[in-house]
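Beneath this line is the structure, given in structure tokens, with notes to follow.
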Amino acid sequence: MTDLTDMSEAEPSAASRSPGSSPIPLGSDDGVPPEPTRTGAPSRSLLPPDVEGFIEPIPPLPELLDWLAKPADPARTEPLLACIVGEPGTGKTALAVHVAHRLQAVYPDGQLYASLEMAPPSEVRRQFLRALGVDWHELDPAGEPDRYQLLLSGMRVLIVLDGAESTDHVQSLLPHNPSCSVIVTSRSPLSGLPGARTFQLQSRNESLAREMFRTALDRTGRPSDETLLNLLADRFNTPLAARLAASLIRDGGTTPAALLEPLGGDTTIKAALDKAYAHLQPAEARLLRFLALLDRPAVEPGLVAALLDSNLTDAAAAITGLVRGSFVNETESGEYILHRIIRDFAKERLDQEESSEAQRAARSRADRWIASPTFLVRMIV
């Protein structure tokens, strides 16, 4: 499994994709939408991998599980909605994804996940339709809302909508079927979602950070006294900052003493990013910078190779280094996603370290790859 912290605002899976040009009729003569044709083996789980070594219990995990594990109830008229709210880096996505993995048996017909940061709801819905088995050549924008609701009407599915900015951002993706449920993550509370229950995350979580550092030190065989753990947890007190710093300790990239040096006015997340970035290999650091050029939430190995102007072997080594350092997260479909905070950091480094010419060249290579038949074929398979 891959390390995963709060990826909200980051995002995986709703990359821009071009549907085929052969839509089918919107409905029959009596106005009832036809049953969409499904591919032979739909992939009904779009969840990123669960968090490695997820620390439990973490508030409000027990309450979330209890709320969403309720059995299907014929008397219920609306789906269960859970809104996880918290500041950047507090672990919203990690919690949502972990809960969704824990509840797979409760929602046997599928678990759909999408980041809303860089893809509009219409593209997210299209991706969900594909996951539910609808062929690309059958997708038609005018008929997609009805198809989406028709498919979900006979299923028990859990949907995770990550990084919502407003109620309008998620409204069109909410199922009508009360047997389905939805987890929404957001930086601020969302009003106007009927029946939604809000779960607020703390901006600081020293107990979670302490366990992350304890696990990292245990893996290195170093002693970890409570005083040291308390100092580290006080310094890196959000899940994202703690995971970055703990990854450095785990991989031998730094020592606890170095992590506890004065911050010089930086935030804990910025300090953790700076320290982790300094230990990247040159190709890994350049890839991180170039990822900030893209206006898509997920990348795959061929696009990584295009950005670096390298072969697939070297590209795989670079992206693996970023995964190991907790800069990016790998999805089960083999794509890689970047947290919004890390994307902002990468953009800063891009502007500082890459010339305008180098940026244009990398962007041009990426655009050519995205427009290539190889990429388009991969998107429709």
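The values are calculated or read from the model by the stated rules, or taken from the named source; none is laboratory data. Just so it is clear, the model here is predicted, and its values are computed rather than measured. Reconstructed Cβ throughout: ideal geometry from the backbone, glycine too, with neighbour counts over all protein chains shown.
For the range 149-160, give me each residue that is crowded, with 22+ Cβ neighbours inside 10 Å, part of a helix (DSSP H, G or I) and out of contact with any His (no Cβ under 9 Å at 6 or more places or on another chain). Even if it seems obvious, please write down each step before you answer.
So in the range 149-160, the residues crowded, with 22+ Cβ neighbours inside 10 Å come out as 151-152, 157-160.
From what is left, the residues that are part of a helix (DSSP H, G or I) are 151-152.
Hit for the range 149-160 is Leu151, nothing else.
Scan the range 97-120 and give yes if some residue there is surrounded by 18 or more Cβ atoms within 10 Å (Cβ to Cβ), among the acidic types (Asp, Glu) and in the same structural domain as Leu46 (by TED's automatic domain parsing), otherwise no.
yes
Give the residues of the range 307-324 that are surrounded by 14 or more Cβ atoms within 10 Å (Cβ to Cβ) and under 19 Å from Gln359 (Cα atoms), sorted by residue number.
Selection gives Leu307, Leu308, Ser310, Ala315, Ala318, Ile319.
Counting only residues that are crowded, with 19+ Cβ neighbours inside 10 Å and modelled with pLDDT under 85, how many does the range 199-236 have?
Count: 2.
So which residues in the range 131-148 are out of contact with any Ser or Thr (no Cβ under 8 Å at 6 or more places or on another chain), more than 15 Å from His176 (Cα to Cα) and either among the charged types (D, E, K, R) or assigned to a helix (DSSP H, G or I) (or both), if there are any at all?
Narrowing the range 131-148 to residues out of contact with any Ser or Thr (no Cβ under 8 Å at 6 or more places or on another chain): 132, 136, 139-140, 142-143, 146-148.
Checking which are more than 15 Å from His176 (Cα to Cα) leaves us with 132, 136, 139-140, 142-143.
Across the range 131-148, the qualifying residues are Trp136, Asp140.
Are there any helices (runs of 4 or more DSSP H) wholly within the range 219-277 with 3 or more residues that are under 20 Å from Thr90 (Cα atoms) and free of Cβ contacts under 8 Å to residues at least 60 places away in the same chain, and if so which? Write out each step before concluding.
Working: elements: 226-235, 239-250, 256-259.
Qualifying helices (runs of 4 or more DSSP H): 226-235, 239-250.
What are the residues in the range 105-144 that are within 13 Å of Leu46 (Cβ to Cβ) and modelled with pLDDT under 85, if any?
Across the range 105-144, the qualifying residue is only Ala119.
For a quick check of your reading of the model, give me the residue pairs whose first member lies in the range 178-192 and is in the same structural domain as Ala100 (by TED's automatic domain parsing) and touching a residue at least 60 places away in the same chain (Cβ under 8 Å), whose second is of a type in the set (D, E, K, R) and part of a loop (DSSP other than H, G, I, E, B), with beta-carbon atoms closer than 6 Å and at least 6 apart or on different chains.
Pro178/Arg76; Pro178/Glu78; Ser179/Arg156
Among the residues in the range 313-328, are any assigned to a helix (DSSP H, G or I), touching a Phe, Trp or Tyr at 6+ places or on another chain (Cβ under 8 Å) and free of Cβ contacts under 8 Å to residues at least 40 places away in the same chain? So that I can check it myself, show each step before the final result.
Pass one, the range 313-328, residues assigned to a helix (DSSP H, G or I): 313-324.
The next check asks that each one be touching a Phe, Trp or Tyr at 6+ places or on another chain (Cβ under 8 Å); those that pass are 319, 322-323.
Keeping just the survivors that are free of Cβ contacts under 8 Å to residues at least 40 places away in the same chain gives 319.
The answer is yes, given that some residue of the range 313-328 is assigned to a helix (DSSP H, G or I), touching a Phe, Trp or Tyr at 6+ places or on another chain (Cβ under 8 Å) and free of Cβ contacts under 8 Å to residues at least 40 places away in the same chain.
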